[in-house]
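What follows is a set of notes on a single structure, which appears directly below.
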Amino acid sequence: MLKDKKILLGITGSVAAYKSIDLIKLFKNKGAVVEVIMTASAARFISPMSISVASGSRIHTDMFEDHLAHINLPLASDLFVVAPATANIISKHASGIADDLLSSSLLAYDRKALFAPAMNWRMYQNPVWQKNLDILASLGHCFVGPERGSLACGEEGIGRMARVEHIVEAAEACMSDQDLSGQRLLVTAGPTREYIDPVRYITNRSSGKMGFALARAARRRGASVTLIKGPCSIEPPYGVELVDVDTAAQMHKAVMDRLPALTMLIMSAAVADFSPSTRYDKKIEKSELTRLDLVRTDDIVADAGSSAERPFIVGFSAETGSSVERAVKKLHDKNMDMIVFNDVSRSDIGFDCDLNEVVIIDRNGSLPLPLMSKDETAEAILDRAVELKKLSGKE
Ligand code: CTP
């Protein structure tokens, strides 16, 4: 998404300015070209030389280096990002003040910009600043953070600049078509654990990567997203409601409680099919456990499919070498609208991989997708779901 895109990054005078180097590197790793404007205050926190080395280009600091820089720089960019954005730059822009290169360039930029505020919590809570924030938000500008945590002044509170990974995700969202705006999506991801005792459990293999990619893509496209996740060790997406669960029963409850409010349910979790019939409170001696009786867990997607408050439902069918027929049967048996089939026995697209090659099946036929990243696969799954949802009149 950011490949070959031109990011104009404004850096202002906050202690978080040192994180700009990592931010620039992340943007560049995604294929973006980064041009930087630094304010005089920013240059007191981090040297323009360091930023120049990271970005690979000359840093703009002086309003009069070129009398048209404040017009040409924003004009040539695909997205204007201000990170860190002090209370000062946000208030100046909300008031239309243009007294240096950065504020003048912002005024000359006629699209929505992304701000990553960073300041002391007292400044953040000041109603004057909040009013200025509201002005920019009402004009359609995007914001990421600030986060709560320990601040440079030694206090705890809201005001830390958002993590650089989240700023990049917000930049991608800012540039995306918001075609899922108004949609309320629930994505499940990862495995569940069915406990024998406090230290032993039965589980399914799943990294959660595909579900996380779907939640991230849906959020980027404007949906309000809840991600119900079993135990996963990967970084969750930014801007989604996170619900942690352990067992299939907890996931079942978390999904069914939210079902009436949803427009789409995506069940990508690898829900355990069996649970031990007895869960011991204390770790039992192995000599005492001579047999394990199992009971079937409730089928979440089937229960959602038979519910009167049924949203548009997407399921997954991770198989080991079987044909798509098995997925087609699950689509009908569980009353889903769409099912995504993949062969997890393949080493290039199986567990823990970043790539996937899936077949999307619906009631009218199937759509095989090429081998691509899980992020790209997520986009294609959402594209097809949006299309089918429109066709089915569930829009
Ligand atoms: N699923 C579910 N609740 C369960 C088991 C599975 O909601 N207790 C969902 C999965 O999240 C997936 C779909 O059902 O979207 C198909 O899951 P899968 O494990 O492939 O199929 P099963 O119906 O469990 O059948 P089998 O294990 O025999 O292949």
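For region 184-392, give the share of DSSP beta bridges that are antiparallel, in percent and rounded to the nearest 5; count only bridges with both residues there. Don't skip to the end; give the middle numbers.
On the way: 16 of 41 bridges.
Close to 40 percent.
Shown here is the pair-distance distribution of region 271-395: with all Cα-Cα distances grouped in 10 Å bins from zero up to the longest one, the shares run 12, 33, 29, 16, 8, 1 percent. Note on the chain: antiparallel DSSP beta bridges, both residues inside, total approximately 35 percent of the bridges counted. Rolling a 1.4 Å probe over the heavy atoms of the protein chains gives the chain an accessible area of 47 Å² per residue. Extents of region 127-226, largest first, come to 56, 41, 20 Å (Cα atoms, principal axes, whole angstrom).
For region 184-392, taking Cα atoms only, Rg and Dmax work out to 17.1, 58 Å respectively. Computed from the alpha carbon atoms alone, the convex hull of region 6-174 holds 99 Å³ per residue. Using the Cα gyration tensor of region 287-358, with a ≥ b ≥ c the square roots of its eigenvalues, what is the shape: rounded (a/c below 1.5), prolate (a/b larger than b/c) or oblate (neither)? The shape class here is oblate.
When Rg is the radius of gyration of the Cα atoms in region 233-303 and Rh is its Kirkwood radius, what does Rg/Rh come to?
Values: Rg = 15.9 Å, Rh = 14.9 Å.
We get a ratio of 1.07 for region 233-303.
Distance from a point 7 Å along Cα→Cβ of residue 383 to each backbone N in region 168-191: keep the residues under 18 Å and list them by number. In region 168-191, the label zone of residue 383 (backbone N under 18 Å from the point 7 Å along Cα→Cβ) covers 173, 175-181. Loop-located trypsin sites (Lys or Arg not before Pro) in region 341-379 (DSSP state other than H, G, I, E, B) with a sparse environment of at most 15 neighbouring Cβ atoms within 10 Å: 346, 363.
In whole percent, what relative contact order does region 184-392 give with Cα contacts below 8 Å and a gap of six or more residues?
Values: 435 pairs, mean separation 41.2, N = 209.
In percent, rounded to a whole number, it is 20.
Considering only Cα atoms, the convex hull volume of the chain works out to 178 Å³ per residue.
Quick check on region 319-395: of the DSSP beta bridges with both residues there, what percent are antiparallel, nearest 5%?
Working: 10 of 11 bridges.
So the antiparallel bridges amount to about 90 percent of the total.
Quick one: which of 5-17, 235-247, 290-302 comes out on top by average Cβ neighbours within 10 Å, and what's the full order, highest first?
Working: 5-17: 24.5, 235-247: 16.8, 290-302: 13.8.
The peptides rank, most packed first, as 5-17, 235-247, 290-302.
Rolled with a 1.4 Å probe across the full set of protein chains, the surface gives residue 316 an accessible area near 50 Å². Cross-link pairs exceeding 29 Å between alpha carbons, from the set 6/389; 131/253; 253/282; 25/390; 283/329: 6/389; 131/253; 25/390; 283/329. Mean sequence separation of contacting Cα pairs (under 8 Å, at least six apart), scaled by the length of region 6-174, corresponds to a relative contact order of 23 percent. Our note on the geometry: Cα centres of region 274-350 and region 32-104, 52 Å apart. With a Förster radius of 22 Å applied to the C-beta separation of residue 390 and residue 3, the computed FRET efficiency comes to 0.20. Site pair residue 372 and residue 18 shows an inter-label distance of 4.0 nm when each label is modelled 7 Å from Cα along Cα→Cβ. Karplus-based coupling profile of region 7-13, in residue order and whole Hz: 9, 9, 9, x, 10, 10, x, with θ = phi - 60° in 6.51 cos²θ - 1.76 cosθ + 1.60 and x standing for Gly or Pro. For region 1-103, which whole percent of the accessible surface, found with a 1.4 angstrom probe, sits on carbon and sulfur atoms? Answer for region 1-103: carbon and sulfur cover 56 percent of the accessible area.
The sum of -39500 (n - 2.57) across all DSSP H runs of n ≥ 4, divided by the residue count of the chain, sets its helix-only mean residue ellipticity at 222 nm to -9500 deg cm²/dmol. Using only the C-alpha atoms, the convex hull of region 44-100 corresponds to 116 Å³ per residue.
The values are calculated or read from the model by the stated rules, or taken from the named source; none is laboratory data. These numbers were taken from a predicted model, which means no experiment stands behind them. Don't worry about glycine lacking a Cβ; one is built from the backbone with ideal geometry, like all the others, and counts go over all protein chains shown. Side chains are part of the model used for accessible areas, which takes the heavy atoms of the whole protein and leaves out ligands, DNA and RNA. Shrake-Rupley method; radii C 1.70, N 1.55, O 1.52, S 1.80 Å.
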